[in-house]
1. Out of 237, 275, I need the residue that is part of a helix (DSSP H, G or I), outside the structural domain of residue 144 (by TED's automatic domain parsing) and either over 17 Å from the mean Cα position of the chain (by Cα) or at pLDDT below 95 (or both). Which one?
2. Has segment 131-138 got at least one residue that is free of Cβ contacts under 8 Å to residues at least 12 places away in the same chain and surrounded by fewer than 19 Cβ atoms within 10 Å (Cβ to Cβ)?
3. Confirm whether residue 220 is touching a residue at least 60 places away in the same chain (Cβ under 8 Å), surrounded by fewer than 18 Cβ atoms within 10 Å (Cβ to Cβ) and more than 23 Å from residue 115 (Cβ to Cβ).
4. So which residues in segment 206-229 are farther than 18 Å from residue 317 by Cα and within 13 Å of the ligand (Cβ to nearest atom), if there are any at all?
5. Just to check your reading of the model, which residue among 98, 158 is in contact (Cβ under 8 Å) with a residue 12 or more places away in the chain, touching a helix residue (DSSP H, G or I) at 6+ places or on another chain (Cβ under 8 Å) and either within 16 Å of the ligand (Cβ to nearest atom) or in a loop (DSSP other than H, G, I, E, B) (or both)?
6. For residue 237, only one of the following conditions fails: (1) without any contact (Cβ under 8 Å) to a residue 24 or more places away in the chain; (2) more than 13 Å from the ligand (Cβ to nearest atom); (3) touching a helix residue (DSSP H, G or I) at 6+ places or on another chain (Cβ under 9 Å). What is its number?
7. Being in the same structural domain as residue 172 (by TED's automatic domain parsing) and at pLDDT 95 or above is true for just one of 264, 204. Which residue is that?
8. Identify all residues within segment 94-119 that are touching a strand residue (DSSP E or B) at 6+ places or on another chain (Cβ under 9 Å) and either surrounded by fewer than 21 Cβ atoms within 10 Å (Cβ to Cβ) or modelled with pLDDT under 95 (or both); write none if there are none.
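The values are calculated or read from the model by the stated rules, or taken from the named source; none is laboratory data. In this text, all values refer to a predicted model and were calculated from it rather than measured experimentally. All Cβ positions, glycine included, derive from the backbone under ideal geometry; neighbour counts span all protein chains shown.
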Ligand SMILES: [Fe+2]
């Protein structure tokens, strides 16, 4: 950027003659992407975007909390143009820290439902991730399952597997329950969850699925794409694990299954703002939505898009349409409450 500016100043001062055909020699357009996503298929997104726009993407991949901290330390000099996270809680945190700028885009507004984006355009969701109950098909009948609330019932004592309370997926799920029921009810619920655990929380969602298949517990809470990934694996052992598991969409008779988002924002000090907005719009395009869906088995946010065949077989479900801004904002309260309740 500095070099380009220097060259412009030099041209204005008449120190450099504007070369013939200068209009054809556009400076290289670039985009600096900070992303908490860690999926191999995302490279296809970057390649497609670059092929369409000629913009070169520089990717910095890492834990979203660390990326957010890095942007805070970099301050006004941050090279970040776009921040992508895998959950609403961290988008909310980034926005609260002043790291995101509002984007007004008729295209994004028309493609992405209201509840999956910030009301003032500070961030947008690009995929949905349903957080469901996964059960051991040989020990649990779907007729025994109903809601997240029911998982706190004593009938699940010693049978439930879920990762730690500090995990953002659980914070957002609990944040959605707080919005539905208020804190006192949810604290009691979290106490029931903690009591019902088959073991001290450890590992990620996939580890809970493996534990159900291994008989360490009978039901787990997991995002659907982890199950889909096992089913689609080239490793027969993964597929054997997945065959033992059933997927149940909770709360179908009331507010619907909790759905988190993977989404992004344009950084407040983005050096390449135009490219950043263009990139967000690209992520909402049919092509990008298909890569998200088919590559990582996530649900597209845009209505009417193709699903991965594995996701498709689970059928449509009612989703909780509470705003991601609301359960994202509830994340800190959720963590305090879950810790008080003994969910580690
Ligand atoms: Fe994940």
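1. Values: 237 fails: outside the structural domain of residue 144 (by TED's automatic domain parsing).
Selected residue: 275, the only one of 237, 275 that is part of a helix (DSSP H, G or I), outside the structural domain of residue 144 (by TED's automatic domain parsing) and either over 17 Å from the mean Cα position of the chain (by Cα) or at pLDDT below 95 (or both).
2. So the first thing to find is which residues in segment 131-138 are free of Cβ contacts under 8 Å to residues at least 12 places away in the same chain, and the list is none.
No, that holds for no residue.
3. Details: touching a residue at least 60 places away in the same chain (Cβ under 8 Å): yes; surrounded by fewer than 18 Cβ atoms within 10 Å (Cβ to Cβ): no; more than 23 Å from residue 115 (Cβ to Cβ): yes.
Criteria not met by residue 220.
4. Here is the first cut: in segment 206-229, the ones farther than 18 Å from residue 317 by Cα are 206-220, 229.
Matches in segment 206-229: 206, 207, 208, 209, 229.
5. On the way: 98 fails: touching a helix residue (DSSP H, G or I) at 6+ places or on another chain (Cβ under 8 Å).
Every option except 158 fails the conditions.
6. Every condition holds for residue 237 apart from (3).
7. Values: 264 fails: in the same structural domain as residue 172 (by TED's automatic domain parsing).
Being in the same structural domain as residue 172 (by TED's automatic domain parsing) and at pLDDT 95 or above holds for just one of 264, 204, which is 204.
8. Within segment 94-119, 101, 102, 105, 108, 109, 113, 115 qualify.
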